[in-house]
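See below for the structure under consideration.
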Amino acid sequence: AITQNGGRSWQLVSDGQGPGYRSCVQYIPNSKGQGIMACGIPGISYSLDGGKKWGSLSTENFYTMRFGKNWKTLWLAGNGRIARLQLK
C-alpha cells in the first residue's frame, strides 16, 4: 500500500500480487519512486513500476540491504553473509 498524505489514508498498489513479506525494502536512488528492491528469507525481489508488478532476482535469503555511493551497487547482509549486487 502507498500513502500520499502522511498515512491518513492508504491505497492498495499491488492487489496482493507483491513479493510477500520482506524484512528490508529500499527505493532505488534516482528512480523517482518507481524502482524498489526488497529482500528477506524468500529472496530478493524488485519492482520498476512503484510496486505494481514484482520480479525475482534471487532466492538467496538476506535480511537487510543498502545502496552504495551510486545506485548500481547494492550491499546485502544476513544469515552470516555479506554480498554485493551490481545492477545495470
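Throughout, read-outs are computed from the coordinates displayed, never taken from laboratory work. Bear in mind that the values here come from a model prediction, so they are computed numbers and not experimental data. Quick reminder, even Gly has a Cβ in these numbers, built from the backbone with ideal geometry, and neighbours come from all protein chains shown.
Things to note:
- Only Lys, Arg, Asp and Glu carry charge here, each on its Cβ (+1 for the first two, -1 for the last two); on that basis the chain has a dipole of about 320 debye about its Cα centre.
- DSSP bridge orientation in the chain - percent antiparallel, rounded to nearest 5: 100
- The share of C-alpha pairs in the chain whose separation exceeds 16 Å stands at 54 percent.
- The slack between E60 and N79, meaning 0.36 nm per residue of separation minus the straight C-alpha distance, is 5.9 nm.
- Order of F67, F62 - criterion: other Cβ atoms within 10 Å of each residue's Cβ, fewest first: F67, F62
- For the pair K52 and T3, label points projected 7 Å from Cα toward Cβ lie 2.4 nm apart.
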